[in-house]
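Derivation of every value follows stated rules applied to the coordinates shown; laboratory data play no part. The shown structure was predicted, so the numbers you read here are calculated from the model rather than taken from an experiment. In this analysis, Cβ positions are derived from the backbone assuming ideal geometry, glycine residues included, and neighbour counts consider all displayed protein chains.
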């Protein structure tokens, strides 16, 4: 990493801690995987939100192993009713793993969801929320976070999920055609993934949210 990026990471971690979130820096995915093992214990009930980062870093392989009671909403043959049941069980999980759409240097998490089981679990329920993110998720402020979702996170996730949206086809949100788009401006496609917008700032429950920043780029 450049000295400038290191300084941004240090500022972000400092402000995450100020906002009552535990924050960690790992040089690479291997370090992150070892850290994850210290944040959970064998037999814990664990689940996760949809995340390319968790799979790319190998964190998913850890949490879905037989060491833990993993609530698997992606297993072969699972019914929609069973998926919905796992969404509800997630609120009572020992740990919920996810990434973030953006992390500001002010120590805020910014997440935008369609189905919104992910943001719901970040907000309330699981005893512990572990956020794993590459340095590419760090932005200056909420304005940059909003722009990042409209130009990177949402378009790439609609491609991943094969959704018929404007941003899937063009690589950016239709709202950016406006001079001054509002936060929630966007398409009206049935496949829209930007339905609920959540900023996690100072937390009441100290240390419930744990943020692992990796010195490499992962996810969208």
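As a rough guide to protection, the peptides 5-18, 53-66 ranked by mean Cβ packing within 10 Å, highest first, stand as 53-66, 5-18. Using the Cβ-Cβ distance between residue 206 and residue 76 with R0 set to 30 Å, the FRET efficiency from 1/(1 + (r/R0)^6) comes to roughly 0.15. Take the Kirkwood radius over Cα pairs of the chain, plug it into Stokes-Einstein at 25 °C and 0.890 mPa s, and you get 139 µm²/s for translational diffusion.
Taking other C-beta atoms within 10 Å as the exposure proxy, 210, 140 rank 140, 210 from fewest upward. Subtracting the Cα-Cα distance of residue 94 and residue 7 from their residue separation scaled by 0.36 nm leaves 28.0 nm. If both residues of a DSSP beta bridge must be in the range 1-153, then about 15% of such bridges are antiparallel. Rounded to the nearest 500, the helix-only mean residue ellipticity at 222 nm of the chain stands at -9000 deg cm²/dmol, with each DSSP H run of n ≥ 4 adding -39,500 (n - 2.57). Over the range 62-161, Cα pairs under 8 Å with separation of 6+ residues give a relative contact order of 27 percent.
Take the alpha carbon gyration tensor of the range 41-91, find the square roots of its eigenvalues, order them as a ≥ b ≥ c, and report rounded if a/c is under 1.5; if not, report prolate when a/b exceeds b/c, else oblate. Cα axes put the range 41-91 in the oblate bin.
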